[in-house]
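Presented below is the structure to which this report refers.
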Amino acid sequence: ILLEAGEIDATGAMRLTGPRAVHALDVLKVSAGQSLRIGLVDGPRGTGTVQAVDRGSVDLICALESSIPERPRVDLLLAVPRPKVLRRLWAQLAALGVGRIVLTNAERVERPYFDTHVLTPDCYRPLLIEGLQQARDTRVPLVSIHKQFRVLVEDELDRLFPAGRRLVAHPGSDRSFHAALIPAVPGRVLIAIGPEGGWNDFELGLL
């Protein structure tokens, strides 16, 4: 269960309410004295010892570890998919372990996709946290949205990914990700995945 900064007081106490309390009570069946795996969003993991349970709330005393998990080394450059697909992807990407998600335009991306509420933090942040809770991770992926593919690749990509290895996924390739990552290199790994139908020739050349 992930907690937001400020929810834990100076003594380590906090009260779960809402969906998190429902999960603890109805799914985990917690009772006084039990421990829960907890974490602070973008902070350390830890444990929460149940002090008391009530209808719709769970009181915890939290103890956090001294270290913060490292951000996952894999970053994703993704041509914006259909909104219904993207909504399903947010939690899965966070659970798989992605450090940064860069959403971009491409020729085969429908322009109305950028107007969807699925691209707003109010929509995607709770879904990312849902995925992190499944993975027992705390590091929320960084998200940025770029409507101009060429500007992103030519002017912004070196700032976002200053070092590491960049891979382009494209239909028809005869090389696997595993082969492309040998020999191993330090730094991050960026995977660029195109829209349905793949990148066009201009986009491939630019990448």
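How high is the relative contact order of the chain, in percent, with contacts defined as C-alpha pairs under 8 Å that are six or more residues apart? Write down the numbers at each step before the final one.
Details: 359 pairs, mean separation 41.8, N = 207.
Here the relative contact order equals 20 percent.
Only bridges whose two residues both fall in the chain count here: according to DSSP, what percent of them are antiparallel, nearest 5?
Values: 18 of 41 bridges.
Approximately 45 percent, going by the DSSP bridge assignments.
Which of Asp42, Asp155, Asp59 moves the most in a Gaussian network model of the chain with Cα springs under 10 Å?
Checking each option, the largest mean-square fluctuation is seen for Asp155.
Sort out for me the Cα centre separation of region 148-187 from region 1-25, rounded to whole Å.
Cα centres, region 148-187 to region 1-25: 39 Å.
Nearest 500 deg cm²/dmol is fine: what mean residue ellipticity at 222 nm does the chain get from its DSSP H runs of n ≥ 4 alone, each adding -39,500 (n - 2.57), divided by its residue count? Before the final figure, lay out the partial values.
Details: 6 runs with 48 residues, N = 207.
Helix contribution divided over all residues of the chain: -6000 deg cm²/dmol.
Go through [x] 130; [y] 149; [z] 121 and flag the label whose value is the computed volume of the Cα convex hull per residue in Å³ for this structure.
Label of the calculated value: [y].
Filter the GluC sites (Glu not before Pro) in region 1-102 down to the DSSP loop ones having no more than 11 other Cβ atoms within 10 Å, then list what survives. Please report the intermediate quantities before stating the final value.
Details: sites: Glu4, Glu7, Glu65, Glu70; in loops: Glu4, Glu7, Glu65, Glu70.
Of the GluC sites (Glu not before Pro), the ones in loops of region 1-102 whose Cβ has at most 11 other Cβ atoms within 10 Å are Glu70.
Using per-residue counts of other Cβ atoms within 10 Å, averaged over each peptide, order 162-173, 93-104, 113-124 from highest down. Can you show the working numbers first?
On the way: 162-173: 12.6, 93-104: 20.1, 113-124: 14.1.
The packing order, highest mean first, is 93-104, 113-124, 162-173.
All other residues with a Cβ under 15 Å from the Cβ of Arg82 taken together, and with Lys, Arg as +1 and Asp, Glu as -1, what is their net charge?
Working: positive: Lys84, Arg87, Arg88, Arg108, Arg111; negative: Glu110, Asp115, Glu196.
Local charge sum for Arg82: +2.
Report the residue, chosen from Pro183, Pro112, Pro83, that carries the largest GNM mean-square fluctuation when the chain is represented by alpha-carbon nodes joined by springs under 10 Å.
Looking only at Pro183, Pro112, Pro83, the biggest GNM fluctuation is shown by Pro183.
Taking square-rooted eigenvalues a ≥ b ≥ c of the alpha carbon gyration tensor, is region 138-202 rounded, prolate or oblate, where a/c under 1.5 means rounded and, failing that, a/b exceeding b/c means prolate? Could you put the intermediate results ahead of the total?
Working: a/c = 1.62, a/b = 1.05, b/c = 1.55.
Note, shape of region 138-202 comes out oblate.
Compute the FRET efficiency between Arg165 and Leu142 as 1/(1 + (r/R0)^6), taking r as their Cβ-Cβ distance and R0 = 25 Å, and round to the nearest 0.05. Walk me through the numbers before you get to the answer.
Working: r = 19 Å, r/R0 = 0.75.
According to the calculation, E is roughly 0.85.
First select every other residue whose beta carbon is under 15 angstrom from the beta carbon of Gly194; then total the charges, Lys and Arg +1, Asp and Glu -1. Don't jump to the answer; show the numbers that get you there.
Working: positive: Arg82, Arg108, Arg150, Arg166; negative: Glu107, Glu110, Glu196, Asp201, Glu203.
Its environment carries a net charge of -1.
Among residues other than Phe149 whose Cβ falls under 13 Å from its Cβ, what is the net charge (Lys/Arg +1, Asp/Glu -1)?
Here the charged neighbours net out to -1.
Read the figures in this text as sums done on the coordinates, not as results from a lab. Only a predicted model underlies this, so the values are computations on that prediction, with no experimental measurement involved. When we count neighbours, we look across all protein chains shown, and the Cβ atoms used for this are built from the backbone with ideal geometry, even at glycine.
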